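Worksheet: the structure to be examined is printed underneath.
The values are calculated or read from the model by the stated rules, or taken from the named source; none is laboratory data. All of these numbers come straight from a predicted model, not from anything done at the bench. Positions of Cβ are backbone-derived with ideal geometry, glycine not excepted, and every protein chain shown enters the neighbour counts. Accessible surface is based on the protein model in full, side chains and every heavy atom, while ligands, DNA and RNA are left aside. Shrake-Rupley method; radii C 1.70, N 1.55, O 1.52, S 1.80 Å.
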Amino acid sequence: MSFLSATPHRPTVTEREARQVAEAAREQDWRKPSFAKELFLGRFRLDLIHPHPLPPDEAVQRGEEFLAKLRDFCETKIDSARIEREARIPDEVVDGLKELGALGMKIDTKYGGLGLTQVYYNKALALVGSASPAIGALLSAHQSIGVPQPLKIFGTKEQKDTFLPRCARTDISAFLLTEPDVGSDPARLATSAVPDGDDYVLDGVKLWTTNGVVADLLVVMARVPKSEGHKGGITAFVVEAGSDGITVEHRNAFMGLRGLENGVTRFHQVRVPAANRIGPEGAGLKIALTTLNTGRLSLPAMCVGAGKWCLKIAREWSAAREQWGKPVAFHEAVGAKISFIAATTFALEAVVDLSSQMADEDRNDIRIEAALAKLYGSEMACLMADELVQIRGGRGFETAASLKARGERAVPAEQILRDLRINRIFEGSTEIMHLLIAREAVDAHLSVAGDLIDPDKSLSDKAKAGANAGVFYAKWLPKLVAGPGQLPRSYSEFQHGVDLSPHLRYVERSARKLARSTFYAMSRWQGRMETKQGFLGRIVDIGAELFAMSAACVRAELMRTDGEHGREAYQLADAFCRQSRIRVDELFGRLWTNTDELDRRVVKGVMSGTYTWLEEGIVDPSGDGPWIADATPGPAQRENVRRPIR
């Protein structure tokens, strides 16, 4: 890859080069089956998720015992109002979590951790996140993307022996990838790691370092220059946060998650032993993406907790508040919102539990399922919180502190809306998740026909690709014409009082329709397909809804066979599927009837200044200053605000 440099420290790359970097970081192979991948190909593989997989009894016992301890801690030691008021998690709370073993929930017992499954780790995050989303974020960033997870997958025995016991009990970790001018385009990563003897020397600035202000250990992504004996490329390192040359220059403040210890971290001539490099040089992005394959599940887990809380408050408030002679819940305009919250919470929990159990079993490749869970959970949780604020009316907009001061229950409805908003940006924004999932969804097509639309391929390569594509599509396309979804008795095992079988037939038919739509779009746009982000986003959103419907039905059947709330689970699954089907039908319609082309023309007009007259009649309170802060490497000019908790 060639890099042109406008400045000595900031690589500039073409769009094609940036895509090549992202493509090289992908997991290329599909060695295990994937329910979601098959769904996008038009194959509804219910056998991959039904009967619903279950955790072993020993894992359940260990998980439930910890949840009981964590619940007691949340109820007696966490003052969420204080965290919101002071914008800081008290040190004694963090110390208590350490003593409880919460830092090591996902770390193996042989390293001093609790060894919880993904299922129970997620349940723990949902629980603690309901007490304080800021604490949930701290624990998640530490274990899901911080030092423990990449070392668990890619670390050497020596690295695991050295760092995992610390992470399990005492040391907080953080993950540092983003830079002031680099977000989801890591090809432009500027932080450097220059080999020097047995060390690397790090220079650069990292932004939005969750846990970075209080961290003891950091996972840092930096670019190693190519040289003799060094392959170079973006590389991952474990770095001691207290090393000479590291300065936390600023603790960031946000609209939500006010207790989040998130900052700006500068590295100036920081020496890191080569023994602290995770994996080979150039493998940093692949390590980050692989870590996120299951790490992303922590975020929708906390969204499940938020949904449960929204449902509880909506139920209690709507029973107490009367309008026109009856509780507001029984007015259809409010009742529809409550139904949406209840049904969506049930489905979202089904998605997270199913994906997590599949991650624990390791029989399936869940990279798409985890990404869908993150995308769907973050979007739906925001909608549920917004509906709760609307149900509460003026009290939903009023802060908990103000409510308490005037003698009412201190319900932080507006806070949950603010706290959840970041989830649509964290760990891959909704827009980036759409593109990431879409790339995986069309992987089979690109594998057989990608050379046909690649401008760099020769005519002989294109001819070979054409022959391969002909064979693939001759077998694949006829299977999209008919399937079990058209047979009235398919999936009859889901008929118990409430009949869920029509919903599963709908999923099967829609999966085939989705695959046909994708094929048609690729035939129509070919190499321009990747620019059709509106279309790709709708394709992914349809897949997310179909996955959620499948998970909801499978979970309802599991609960029925277990004899616990089976009838009610069937009712909730039915309600969710009916709501979801309306959304899916609308999305299918918008695949081909939309304003995408018009929007592009309007954007060109906006950016060329055609509509600046529309901005007249206001004042801009933003103030002066650059849009993006200078991140030139060099010594720190600010006070170090790092605050390790000991």
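With the contact rule set at Cα under 8 Å and sequence spacing of 6 or more, what percent relative contact order holds for the stretch 534-609? Please report the intermediate quantities before stating the final value.
Details: 39 pairs, mean separation 27.3, N = 76.
RCO, the stretch 534-609: 36 percent.
What does the convex hull of the Cα atoms of the stretch 321-399 come to per residue, in Å³, rounded to a whole number?
100 Å³
How much length, in nm to one decimal, is gained on full extension between Asp199 and Ser460, taken as 0.36 nm per residue of separation minus their Cα-Cα distance?
Details: separation 261, 0.36 × 261 = 93.96 nm, distance 4.68 nm.
Roughly 89.3 nm would be gained on extension.
Tell me, what HN-Hα J-couplings in whole Hz come from the Karplus equation 6.51 cos²θ - 1.76 cosθ + 1.60 at θ = phi - 60° for each residue of the stretch 319-324, using x for Gly and Pro?
Per residue, the Karplus-derived 3J(HN,Hα) values read 7, 7, 8, 10, 9, 6 Hz.
Given a cut-off of under 8 Å on Cα pairs at least six residues apart, what relative contact order in percent is computed for the stretch 21-165?
Details: 103 pairs, mean separation 27.1, N = 145.
Value for the stretch 21-165: 19 percent.
Per-residue ellipticity at 222 nm for the chain, helices alone: DSSP H runs ≥ 4 residues times -39500 (n - 2.57), over residue total, nearest 500 deg cm²/dmol?
That comes out to -17000 deg cm²/dmol.
Enter the Cα centre distance for the pair the stretch 463-523 and the stretch 270-333, rounded to the nearest angstrom.
31 Å
Name the lysines eligible as straight-distance cross-link partners of Lys513: C-alpha to C-alpha under 29 Å, and not fewer than 8 places from it in the same chain.
Reachable lysines: Lys32, Lys37, Lys374, Lys462, Lys464, Lys475, Lys479, Lys532.
Going by amide H atoms built from the backbone, whose H comes under 5 Å of the H on Ala174, apart from near neighbours?
Result for Ala174 returns Val147, Leu217, Leu218, Val219.
Starting from a Cα-only point model with no solvent, please compute log10 I(q)/I(0) by Debye for the chain at q = 0.09 1/Å.
-0.81
Could you state the orientation-averaged shadow area of the convex hull built on the Cα atoms of the stretch 468-597, in nm² to one decimal? Present the calculation step by step, with values, prior to reporting the outcome.
Details: hull surface 37.0 nm².
Averaged projected hull area, Cα only: 9.3 nm².
What is the percent carbon and sulfur in the accessible area of the stretch 93-201, measuring with a 1.4 Å probe over the protein chains and ignoring ligands?
Its accessible area is 51 percent carbon and sulfur atoms.
Can you list the residues, at least 5 places off or on another chain, whose amide H is less than 5 Å from the amide H of Asn252, using H built in the peptide plane?
When sequence neighbours closer than 5 places are left aside, the close amide H contacts are Asn262, Gly263, Val264.
What are the ³J(HN,Hα) couplings of the stretch 402-410, residue after residue, when phi is run through the Karplus curve with 6.51, -1.76, 1.60 and θ = phi - 60°? Round to Hz, x for glycine and proline.
Taking θ as phi minus 60°, the curve returns 5, 4, 5, 5, 9, x, 10, 4, 7 Hz for the stretch 402-410.
Whole number in Å², please: accessible area per residue of the chain, 1.4 Å probe, ligands, DNA and RNA not counted.
Values: 29530 Å² over 646 residues.
I get 46 Å² per residue for this part.
Once amide H atoms are built 1.01 Å from N in the peptide plane, which residues 5 or more positions from Glu179, or in another chain, come under 5 Å H to H?
Counting only residues 5 or more places away or on other chains, the set is Leu207.
Need the C-alpha centroid separation for the stretch 599-646 versus the stretch 223-258, integer Å.
23 Å
Take every Cα-Cα pair in the stretch 194-275 and report what % of them are more than 17 Å apart.
Values: 1555 of 3321 pairs.
Of the Cα pairs, 47 percent sit more than 17 Å apart.
Would you please put 172-185, 202-215 in order of how densely packed they are, using the mean number of other Cβ atoms within 10 angstrom per residue and starting with the highest? Each step should come with its number before you reach the end.
On the way: 172-185: 21.8, 202-215: 24.8.
Sorting 172-185, 202-215 by mean packing, highest first, produces 202-215, 172-185.
If I take every Cα pair under 8 Å that is 6 or more residues apart in the chain, average their sequence separation and divide by the length, what percent do I get for the relative contact order?
Details: 1053 pairs, mean separation 105.9, N = 646.
About 16 percent, as a whole number.
Out of the total accessible area of the stretch 537-646 (probe 1.4 Å, heavy atoms of protein only), what percent is carbon and sulfur?
On the way: 3790 of 7070 Å².
Whole-percent figure for carbon plus sulfur exposure: 54.
Consider all pairwise Cα distances in the stretch 50-179 and report the whole-number % of them above 27 Å.
Values: 1663 of 8385 pairs.
Percentage above 27 Å: 20.
In sequence order, what are the phi-derived ³J(HN,Hα) couplings for the stretch 60-68 according to the Karplus relation 6.51 cos²θ - 1.76 cosθ + 1.60 with θ = phi - 60°, rounded to whole Hz, with x for glycine and proline?
Whole-Hz 3J(HN,Hα) from phi for the stretch 60-68: 5, 4, 5, x, 5, 4, 5, 4, 5.
Using only C-alpha atoms and all pairs of different ones, pull out the Kirkwood radius for the stretch 102-227 in Å with one decimal.
Details: mean 1/r = 0.0641 Å⁻¹.
Evaluated over the stretch 102-227, this radius sits at 15.6 Å.
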